[in-house]
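The values are calculated or read from the model by the stated rules, or taken from the named source; none is laboratory data. Since the structure is predicted, the reported quantities are computational estimates derived from the model, not experimental observations. FYI the Cβ positions are ideal-geometry reconstructions off the backbone, even for glycines, and counts take in every protein chain you see.
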Amino acid sequence: MERVITVLIADDHPPTRAGVRDALASSGGFEVVAEVGTADDAVSRAAELQPDVCLLDINMPGNGITAAARITADLAGTTVVMLTVSRDDDDLFDALRAGAVGYLLKDTDPDRLPFALRGVLEGEAALPRTLVARLVGEFQARNRRRIPLLARPAGAALTPREWEVLEMLHDGLTTNEVAGRLRVAPVTVRTHVAAILKKLQVPDRRAAFKLLDQSRS
């Protein structure tokens, strides 16, 4: 028997919540465990219910991206997907940095919503085609900006995942928080850190952060 996927819907527009609820109900296999209208309520109810998926509006009171960051930091077993009208690049990148694994536009065909949510739970990213090119362009631009650092000690070449780990630690996340964001074990994060220090030929994280700061200047 297929497992029921629990969903929390956070949006300050009741008709939107009703549309999402109806789309999931018609598909089957989903249970909407809570509907809220603010970011603070999304965080508190998510902590209480620990749903499989939190579907968050960006522009609800309290800011959905802030809620996404808090939920992904605290609940490793909950997946966050943004549902928004915003096609703004900054909103997309901020949502992904906050830990969201999906970014769906509100004009998405309601029939596609259940498939998108099942996909993210199976490790797929849910992004509209119109925004994928922008995301690829940003990734390529970041890699070009890192070239000066890659040319440093012993031609240090960090993998994309190692860069991701280094940047999150630099931004103040703990090892356990990074593990929660990446959905890996803390020991995996520590393994990445050891590889980073070896490749950059530095003795500790602080020295690695210094190189990262230099690459950004």
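Here are a few things to note about the model shown:
- Checking the stated criteria, GLY102 turns out not to satisfy the condition of being touching an Asp or Glu at 6+ places or on another chain (Cβ under 9 Å), of a type outside the set (Asp, Glu) and surrounded by fewer than 20 Cβ atoms within 10 Å (Cβ to Cβ).
- All positions within region 200-217 that are in a helix (DSSP H, G or I) and of a type outside the set (D, E, K, R): LEU200, ALA207, ALA208, PHE209, LEU211, LEU212, GLN214, SER215
- Residues that are touching a residue at least 60 places away in the same chain (Cβ under 8 Å) and either over 23 Å from the mean Cα position of the chain (by Cα) or over 21 Å from GLY99 (Cα atoms) (or both), drawn from region 1-18: THR16
- Only one of ASN59, ASN63 that is buried (at least 17 other Cβ atoms within 10 Å of the Cβ), modelled with pLDDT under 95 and under 21 Å from TYR103 (Cβ atoms): ASN63
- Leading residue by the ranking (surrounded by the most Cβ atoms within 10 Å (Cβ to Cβ)) among those in region 105-118 that are under 12 Å from LEU55 (Cα atoms) and free of Cβ contacts under 8 Å to residues at least 40 places away in the same chain: ALA116
- Among residues of region 42-57 that are in the same structural domain as LEU105 (by TED's automatic domain parsing), those with a Cβ under 9 angstrom from a residue that is at pLDDT 95 or above and hydroxyl-bearing (Ser, Thr, Tyr), sequence gap 6+ or separate chain, pair up as LEU49/THR6; GLN50/THR6; PRO51/THR6; ASP52/THR6; VAL53/THR6.
- When ARG21, ARG87 are checked against the criterion of being in contact (Cβ under 8 Å) with a residue 12 or more places away in the chain, under 20 Å from ALA116 (Cβ atoms) and not in a helix (DSSP H, G or I), ARG87 stands alone in meeting it.
- Residue check for ILE65: within 19 Å of the chain's Cα centre (by Cα) and not in a helix (DSSP H, G or I): no
- Selection of region 152-199 for residues being among the basic types (Lys, Arg), under 16 Å from GLY99 (Cα atoms) and either assigned to a helix (DSSP H, G or I) or modelled with pLDDT of 85 or more (or both) yields ARG161, ARG181.
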